[in-house]
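First comes the structure, then the notes that go with it.
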Amino acid sequence: GPDDSYFVWKKNGQKMKACITEQSHMLFDGRVHVLSWVKDSVSENTEYKCSFISKVGNTTSEVHITVEDKDSAGQDGWTKEFDTWRSAISEHDKMMQNWRKTW
């Protein structure tokens with residue numbers, strides 16, 4: 001990521017300021033690996049957009065979260081999938097912290 005790069009997070013079109021985590025790690029060749037994520041909870045359908053902005057260019061990712069009724073079928077499957085994602089994010093964070101210590 002270029003020196004002037006930054007993230008902009010939006011939730012349902014509104015700029016977010018809380019719940020955002022960012023990390024950057026220097027790579028051997030002088031480049032910087034940058035990450036950002038949001039920890040949030042929702043009770044209704046929600047759209048998130050993450051924009052990465054710099055003088056070199058911009059890119060935006062978006063995701064739509066659909067909330068189902070708590071009593072609907074498939075809740076067990078969603079809970080297992082959520083646990084899998086939470087575990088993957090935790091492992092990624094540990095890996096990035098180890099990289100930081102190594103470099």
To the nearest 10 degrees, the tilt of helix 75-102 (Cα long axis) against the first principal axis of the alpha carbons of the chain is 10 degrees
For segment 1-67, convex hull volume per residue from C-alpha positions, Å³:
93 Å³
Within the chain, what whole-number % of the accessible surface is contributed by carbon and sulfur, with the 1.4 Å probe and all protein chains included in the calculation?
52 percent
Solvent-accessible heavy-atom area per residue, rounded to whole Å², over segment 1-67 at 1.4 Å:
71 Å²
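The values are calculated or read from the model by the stated rules, or taken from the named source; none is laboratory data. This structure is a prediction, so every number in the text was calculated from the model and none was measured. For accessibility, only protein heavy atoms count, side chains too; no ligands or nucleic acids. Shrake-Rupley method; radii C 1.70, N 1.55, O 1.52, S 1.80 Å.
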